[in-house]
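Below: the structure, in structure tokens.
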Amino acid sequence: MNISWEQNLVKLERETKTEIKPEARRRVTQLFSRYEAYDGSLRKQRRDPGAGRRKMAETEAQLLLGVGLIEKDTNGDALWVWCYPSTTTSFRDLLLRKCCLTDENKQLHTFLFGQYKLTWFYITTMEIPEASTLKRVTHFSIVLTTKDFNPEKYAAFSRILCRIYLKYRTPVKMMESYISVLTKGICQSEENGSFLSKDFDIRKAYLAGSVKDIVFQFGMETVILYTALMLKKRIVVYHPRIETILEFTRALPALVWHRQDWSILHSYVHLNDDELEALKMCPGYIAGCIDSEVNNRIDLYDVYVNLAESEITISHQAKEAMTMGKLHKELGQLIVQSAEDPEKSNSQVIKDVSLKTKEILTNLASFTEVTHDGTRRFNSFLLLFF
């Protein structure tokens, strides 16, 4: 039989022959009442094995925005076939532009990702096998739109959707799996594979890019990229191969790990007015582009990275803010030494840079200014680093 906390207090008074004052009794009763309510909620969760799955599904429902299907027919035309829920014509046009099915060079990119106005898109493309019953279709793309950055997660999910479409030749079956992930965080199939949302930790996505590869390519100049990120400058990365851009740009935000902000990443940008207008609204960004014409768009960048030539250029308007000193040299040496250590993993290199960053910010915090009214404030130079 459960004994209330009030009964316990009475028993305590009787055994100790001490009267508990009313105010103390009230406080103790309130304290244990809150504990009972909390403990009761825990017991309820333990009795409900589906609570964890519902929480996962709630998270997935907040992250997943939509799914779409694009097909390329035997005439070479790429068209939107289906999407859920409906989306705007302008956004469909943008995703068609990203989709490799509209490329004149007919180069197939199996997986692409990028961001537009805080909406992430993930596009998986497949060629239709000759034995398929989809006679008038040569290729198709599955498009997922979400609120979060997690390429590995959505590449795995979209591959399952692709296999489903190849087998059943209708979006209906894809829709069933999409709704299952949306509502339960999971879809299972012996034939097409299984997907579980909780298997894809966001931190793993952040750590998947290789900072070591950046340092191997640019050496001491990596500190230019670090400084640009710390100062929230605009970085444009060019390479004719989109896969190279995706791999390189996704690693850059890890240089400022203390922020853990991948919303600055715009890994696949075309030089179209709508995309550039959205990009210019961002105070600082990393933008990837396969169009060499971007080199002449000095209005878009403070730092220009030509991956094909392994060159980093600081624009004229950013040179003063990006002036390098003794601190940058020391930091560059630390980054290079850490990255070149064969015993250190990519995550350990990121940790080394992060610890050095925290040390720098702690030291800079002592540089404050005294205003005319006697109050102290951060030096304007320091504010740029936060």
So which residues in the stretch 125-164 are of a type in the set (S, T, N, Q) and open to solvent by 10 Å² or more (accessible area, probe 1.4 Å)? 132, 133, 138, 145
With the first residue restricted to the stretch 67-80 and required to be in contact (Cβ under 8 Å) with a residue 12 or more places away in the chain and open to solvent by 50 Å² or more (accessible area, probe 1.4 Å), and the second required to be acidic (Asp, Glu) and not in a loop (DSSP other than H, G, I, E, B), Cβ contacts under 9 Å at 6 or more apart or on different chains are 80/71
Residue 269 passes all but one of the listed conditions (1) within 30 Å of residue 137 (Cβ to Cβ); (2) open to solvent by 30 Å² or more (accessible area, probe 1.4 Å); (3) touching a Cys at 6+ places or on another chain (Cβ under 9 Å); the exception is number (2)
Restricting attention to the stretch 312-343, and to residues there that are touching a residue at least 40 places away in the same chain (Cβ under 8 Å) and part of a loop (DSSP other than H, G, I, E, B), which single residue is least open to solvent (accessible area, probe 1.4 Å)? 322
Give the residues of the stretch 95-124 that are within 15 Å of residue 76 (Cα to Cα) and either aliphatic (A, V, I, L, M) or in a strand (DSSP E or B) (or both), sorted by residue number. 96, 101, 108
Top-ranked residue in the stretch 127-164 [being of a type in the set (D, E, K, R), part of a loop (DSSP other than H, G, I, E, B) and within 20 Å of the chain's Cα centre (by Cα); ranked as farthest from residue 250 (Cα to Cα)]: 147
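A quick yes/no check of all residues on (1) among the acidic types (Asp, Glu); (2) more than 14 Å from residue 98 (Cβ to Cβ); (3) at pLDDT 95 or above:
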residue: 111; (1), (2), (3): no, no, yes
residue: 116; (1), (2), (3): no, no, yes
residue: 120; (1), (2), (3): no, no, yes
residue: 126; (1), (2), (3): no, yes, no
residue: 150; (1), (2), (3): no, yes, yes
residue: 167; (1), (2), (3): no, yes, no
residue: 170; (1), (2), (3): no, yes, no
residue: 175; (1), (2), (3): no, yes, no
residue: 184; (1), (2), (3): no, yes, no
Condition check for residue 184: basic (Lys, Arg), in contact (Cβ under 8 Å) with a residue 60 or more places away in the chain and either in contact with a Gly (Cβ under 6 Å, 6 or more places away or on another chain) or loosely packed, with under 15 Cβ neighbours inside 10 Å (or both): no
State which residue is most open to solvent (accessible area, probe 1.4 Å) when the search covers only the stretch 165-181 and only residues that are in contact with a Ser or Thr (Cβ under 7 Å, 6 or more places away or on another chain) and part of a helix (DSSP H, G or I). 166
Looking at the stretch 90-102, is at least one residue under 23 Å from residue 63 (Cβ atoms), more than 19 Å from the chain's Cα centre (by Cα), open to solvent by 30 Å² or more (accessible area, probe 1.4 Å) and touching a residue at least 60 places away in the same chain (Cβ under 8 Å)? yes
Which residue pairs have Cβ atoms under 9 Å apart, sit 6 or more places apart or on different chains, and have a first residue in the stretch 162-181 that is in contact (Cβ under 8 Å) with a residue 60 or more places away in the chain and over 16 Å from residue 196 (Cβ atoms) and a second that is assigned to a helix (DSSP H, G or I) and charged (D, E, K, R)? 165/173
Any chance residue 44 is at pLDDT below 50, open to solvent by 90 Å² or more (accessible area, probe 1.4 Å) and either in a helix (DSSP H, G or I) or touching a strand residue (DSSP E or B) at 6+ places or on another chain (Cβ under 9 Å) (or both): yes
Has the stretch 239-256 got at least one residue that is farther than 29 Å from residue 124 by Cβ, within 19 Å of the chain's Cα centre (by Cα) and buried (at least 18 other Cβ atoms within 10 Å of the Cβ)? yes
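The values are calculated or read from the model by the stated rules, or taken from the named source; none is laboratory data. Model, not experiment: these values are computed from the prediction. A quick note on method: Cβ atoms are made from the backbone with ideal geometry, for glycine too, and the neighbour counts reach across all protein chains shown. Ligands, DNA and RNA are stripped out before the accessible areas are found, and what is left, the full protein with its side chains, is counted by its heavy atoms. Shrake-Rupley method; radii C 1.70, N 1.55, O 1.52, S 1.80 Å.
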